[in-house]
Amino acid sequence: MNRILVAGAGPVGLTAALALARRGRRVTVLEAGDALAGQSRASTFHPPTLEMLDDLGVAGELHERGLVSPTFAYRDRRAGLVALLDLAVLAGDTRYPYRLQCEQSKLTPILLDHLLRHDGCEVHFGWPVAGIAQEPGRVTAIAADGRTLDGRWLIGADGAHSATRRALAVDFAGITYPERFLVASVHDELTGWLDGLAAVNYVYDPVEWCVLLRTPDRWRVLLPTPDGTPDSAELERLPARLLTIHDPGRPWRIAHAGMYRVHQRVAATFRAGRVLLAGDAAHVNNPLGGLGMNSGIHDAVAYAKALAGDDDAAVTAAAAERRRIALEYVQSVSHQNYERMRDADPAARAAHLETLRATAADPARARAALLKSSMIASLRPVAA
Ligand SMILES: Cc1cc2nc3c(=O)[nH]c(=O)nc-3n(C[C@H](O)[C@H](O)[C@H](O)COP(=O)(O)OP(=O)(O)OC[C@H]3O[C@@H](n4cnc5c(N)ncnc54)[C@H](O)[C@@H]3O)c2cc1C
């Protein structure tokens, strides 16, 4: 009965489960799928997330599978490289002054492996949570086929379409962007094609803004795509769009391409009785800046600390604090990133690019900007 239930074996649910297991709690993870998800969505781990994963004993294995990326770049479609930000200026602020580029699908098997080393911890695949019942001191997860499991607490980390959040009738207000995001991974090696390319590159343009990202396996390109056009038409024009980024004299070699609808939404509350919402179940945002999974992992670690002590006031405080950060930091930074990359006002865009150049050239300004973009400032006070 002291068992803690976790809905969802994504990066957030498994981090919460491992963090609880390491604090001596018995955990059961309920995963709808028959296996861990293989999709590689998130690919950037920020410094504080690496610190947390290190505390959980998994950062070493993640580094073996990832790519250390000390810099990232802002570019302009026409002008090329604008500014290269170097996270080395954060050496006094974090033991990981860089981003680690690694697909989320490489983290989850590591977390699962570590979780299952703890006595009393288990993962049930093929167990979709469909309903929740609560009474004093107890929460019951109800599967679609009527199976039930009791626990003292439940963390709903079952993704953006969270059945947990729906079962609790918690509102998920926000916006859906008027365009979709197309993500293509390619077999081509982009280094050398564009001058001064970093592992992560935000490319500004009023219409054809894009992100060029290196993962350990492949380069990825993220492009905006209009709403309402057939997927097939978008995929058909993708090769021509890629050639506008760089024309190597032959078509780019596309490995995979998919389209995502992107939202900015935050749940009305992150705690309802003995249930906490975490990760995409609690908040979703656009992928510009790589904040979604990272902030979900931060939720998981904060909740595990509060739940391990079984202190009701600490649980309430953790849920409220994580919601505040989702609203005040994650939503606002990710939306600002989106607005700036596509700013149609030439004067505003030029002024912003100039600010980026000046920031990169001044270590004190660069540190202040990087404390924010690396998420450190969202988690702890930072000395000037
Ligand atoms: C193109 C793209 C790029 C991105 N890049 C980044 C990035 O670089 N950095 C970053 O931080 N974030 C990024 N994100 C966001 C990131 O992918 C998500 O924030 C992250 O996956 C959230 O993790 P999660 O564990 O909360 O949810 P999910 O990864 O969605 O996992 C939820 C789990 O719950 C399971 N589940 C679903 N329903 C149920 C149910 N009813 N019962 C039980 N289990 C259930 C699912 O099968 C799944 O295993 C990106 C997203 C996209 C689309």
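Residue check: is Y303 within 14 Å of the ligand (Cβ to nearest atom) and modelled with pLDDT under 95? For Y303, the condition - within 14 Å of the ligand (Cβ to nearest atom) and modelled with pLDDT under 95 - is not met.
For the range 180-196, the tally of residues that are surrounded by fewer than 15 Cβ atoms within 10 Å (Cβ to Cβ) and either part of a loop (DSSP other than H, G, I, E, B) or charged (D, E, K, R) (or both) stands at 5. Answer yes or no as to whether T229 is hydroxyl-bearing (S, T, Y), over 28 Å from L50 (Cα atoms) and part of a loop (DSSP other than H, G, I, E, B). When the stated conditions are applied, T229 passes them. Inside the range 302-336, residues that are out of contact with any Ser or Thr (no Cβ under 9 Å at 6 or more places or on another chain) and either of a type outside the set (S, T, Y) or not in a helix (DSSP H, G or I) (or both) make up a count of 19.
Give the residue, chosen from R99, R77, R41, that is among the basic types (K, R) and surrounded by fewer than 17 Cβ atoms within 10 Å (Cβ to Cβ). After ruling out the rest, the residue left standing is R77.
When restricted to residues that are among the hydrophobic types (A, V, I, L, M, F, W, C), in a loop (DSSP other than H, G, I, E, B) and within 7 Å of the ligand (Cβ to nearest atom), the range 271-288 contains 1. Checked against the criterion of being modelled with pLDDT of 95 or more and out of contact with any Pro (no Cβ under 6 Å at 6 or more places or on another chain), the candidates L87, L149, L107 yield just one match: L149.
Each residue in the range 358-384 was checked for being outside any helix (DSSP H, G or I) and either at pLDDT 95 or above or touching a Cys at 6+ places or on another chain (Cβ under 6 Å) (or both), and 3 pass. Pairing residues of the range 117-128 that are within 10 Å of A17 (Cα to Cα) with residues that are within 16 Å of the ligand (Cβ to nearest atom), at Cβ distances under 6 Å and at least 6 apart in sequence or on separate chains, gives C121/V27; C121/L115; E122/T28; V123/A9; V123/V29. Listed by position, the helices (runs of 4 or more DSSP H) inside the range 1-109 whose residues that are free of Cβ contacts under 8 Å to residues at least 60 places away in the same chain and away from the ligand (no atom under 13 Å from the Cβ) number at least 2 are 47-55, 59-65.
The values are calculated or read from the model by the stated rules, or taken from the named source; none is laboratory data. A quick note: this is a predicted structure, and the numbers were derived from the prediction, not measured. Here Cβ is always computed from backbone atoms with ideal geometry, including for glycine, and neighbour counts include all displayed protein chains.
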